[in-house]
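Here the structure is laid out as structure tokens; the discussion comes afterwards.
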Amino acid sequence: MTDHSDVLIVGGSIAGVRTAEGLRRLSFEGGITILEAGQDLPYDRPALSKQVLTAGASAESVMLRSPADLDKARIDLRRGSVGVGLDADARTVRLADGTVITYSDLVIATGAAPRELPSVPARPGVHYLRTVQDAVRLRDAVGAPVRVVVVGAGFIGSEVAAGAAARSASVTVIEPFAFPLSRVLGDLVGKRLAQLHESKGVQLVLGRSVSGIEDVGATGKRVVLDDGTALSCDVVVIGIGAIPNTNWLAGSGLYVADGIVCDEYCRASVPNVFAVGDVARWPNPLFAESMRIEHWTNAVEQAGIVAWNLTHPDSPRAYAPVPYVWSDQYGNRLQIVGRPRAEDEVRIVLDDPADDSMVALYLRDQRVVGAFGQNAPSQLLALRRSLAARASLEEIMTAFEN
Ligand SMILES: Cc1cc2nc3c(=O)[nH]c(=O)nc-3n(C[C@H](O)[C@H](O)[C@H](O)COP(=O)(O)OP(=O)(O)OC[C@H]3O[C@@H](n4cnc5c(N)ncnc54)[C@H](O)[C@@H]3O)c2cc1C
């Protein structure tokens, strides 16, 4: 069976759906089809490690769009449709069921999948967290006062630790770096994040990695560390990053290198193909750096640019955002803007124990290149704007002091 869509979008999550909606907002009248491998309506992944895990929100409550919303926007979402091959010369995508769809323009929005620990697939008692089904399974597993070991103290691992602790589990987090997020944010801020976990009774095992996970009896687990010590527990959650979903493009000729490599207009290496969201890598002109960003706001903002560039091929816009991510842990709003690095000079410009608020600026070559904030949303928003305007250190400090 062969079918045609003027714009064909592969991946029906936030990046794919926002691209389709962006096209309609820009008065695109052609056919839009979204192929989505999963069976669900588009849903909000950030809620999985927050509202679903901690507050017990239902799977239905995280759905982003109803069938009526999609119909109204004339978006043909085909669930259970797995793209398995791209022929860029013929401009076709082949589905797992043999269907072939031709396109005028293709947008790849296939996102990312959890990075697995070598030889440790998900199984009863061993969890990864990416889908709403993963979240419901995990929520059910940590509902009782169980012992949970979280592998990785990045955003997802830390949110899972906070969520499980809030649900009366006893939680240990294993992290190979000196402190949570210290690989990116350095030791000063990392130490503060470690204290946040410990103040809520979560134990940290820092500077250690996992060499294996063994089954013990019918349901128990034993997490073996690289120094030979072992932790007994009931539930293991692995949060060690994600890898872009590009396997299905093998043999297509598309340039892939830790993501689909695009130009600054989000155009992939073959004509009429764009990439957006977690799967896309592009040179961000604002930072003169090749980036692939696995954050919600990036998926939304990049979708707007892709929609514009699809409808305005003669006046395309470069995608030059200031990266932004938030995370909610133990009732704290944590935010990062820009591109902080562990080796940057860190300057604390706000630290108020009264409301646990804090702002750290990251300086490189006398310029502010990023910031971390705890419970300081208005300051972080202002900093994001300042970075976008390429404000000088003096301008940023003056704005802060006023
Ligand atoms: C638990 C969790 C918590 C998060 N919390 C935050 C947060 O607090 N803040 C933040 O900024 N970001 C957060 N993120 C990251 C954010 O959710 C992602 O950046 C965002 O979902 C990326 O959207 P996307 O559409 O690019 O990719 P995805 O959401 O990964 O969607 C890709 C879609 O493509 C489909 N697909 C894949 N391959 C194929 C194929 N071959 N054919 C058809 N369909 C395919 C998948 O089924 C999927 O639905 C979180 C992520 C997770 C998992």
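The values are calculated or read from the model by the stated rules, or taken from the named source; none is laboratory data. Owing to the predicted nature of the structure, the values given are computational and were not obtained by experimental measurement. FYI the Cβ positions are ideal-geometry reconstructions off the backbone, even for glycines, and counts take in every protein chain you see. Heavy atoms of the whole protein, side chains included, go into the accessibility calculation; ligands, DNA and RNA do not. Shrake-Rupley method; radii C 1.70, N 1.55, O 1.52, S 1.80 Å.
Excluding same-chain neighbours fewer than eight residues apart, the lysines reachable from Lys200 by a Cα-Cα span under 21 Å are Lys50, Lys191. Remark: accessible surface ordering of Leu86, Leu350 (largest first) is Leu350, Leu86, probe radius 1.4 Å. Accessible area per residue (1.4 Å probe, heavy atoms of protein chains only) ranks Trp282, Trp308 as Trp308, Trp282, with the largest value leading. Near Val216, the amide H atoms lying under 5 Å from its own belong to Lys221, Arg222; only residues 5 or more places off or on other chains count, and H is placed 1.01 Å from N. Sorted largest first, the principal axis extents computed over the alpha-carbon atoms of the stretch 331-401 equal 33, 25, 17 Å. Quick check: from the Cα gyration tensor, does the stretch 5-128 come out rounded (a/c under 1.5), prolate or oblate? Oblate. Restricting the stretch 283-384 to GluC sites (Glu not before Pro) that sit in a DSSP loop and have at most 16 other Cβ atoms within 10 Å of their own Cβ leaves Glu343.
Note on the chain: with charges restricted to the Cβ of Lys and Arg (+1) and Asp and Glu (-1), its dipole about the Cα centre is near 340 debye.
What would the Debye formula give as log10 I(q)/I(0) at q = 0.18, 0.20 Å⁻¹ for the alpha-carbon point model of the stretch 116-238, no solvent? Each listed q maps to, in turn, -0.91, -1.13. Here the gap between Val82 and Asp314, fully extended at 0.36 nm per residue and compared with their Cα-Cα distance, gives a gain of 80.3 nm.
Once you reduce the stretch 104-141 and the stretch 285-359 to the center of their Cα atoms, the two points are 23 Å from each other.
For Val136, the shell of other residues with beta-carbons less than 13 Å away shows a net charge of -1, using +1 for Lys and Arg and -1 for Asp and Glu. With each label modelled as a point 7 angstrom along the Cα→C-beta vector, the Val216-Leu26 pair spans 5.6 nm.
In percent, rounded to a whole number, the relative contact order of the stretch 160-219 is 38, using alpha-carbon pairs under 8 Å and six or more apart. For the stretch 51-106, the relative contact order comes to 17 percent (Cα pairs under 8 Å, sequence separation of at least 6). Largest to smallest in accessible area, the residues Tyr255, Tyr362, Tyr43, Tyr265 fall in the order Tyr255, Tyr265, Tyr43, Tyr362 (1.4 Å probe, all protein chains included).
Shape analysis of the chain places it in the oblate category; the axes a ≥ b ≥ c from the Cα gyration tensor give an a/c of at least 1.5, with a/b not above b/c.
Put simply, the amide H of Gln329, placed in the peptide plane, has neighbours under 5 Å in Leu334, leaving out anything fewer than 5 places away on its chain.
To the nearest 10, the accessible area of Asp351 is 90 Å² with a 1.4 Å probe. Tally Lys/Arg at +1 and Asp/Glu at -1 over every other residue whose Cβ is under 12 Å from the Cβ of Met291; what's the total? Result for the local shell: -2.
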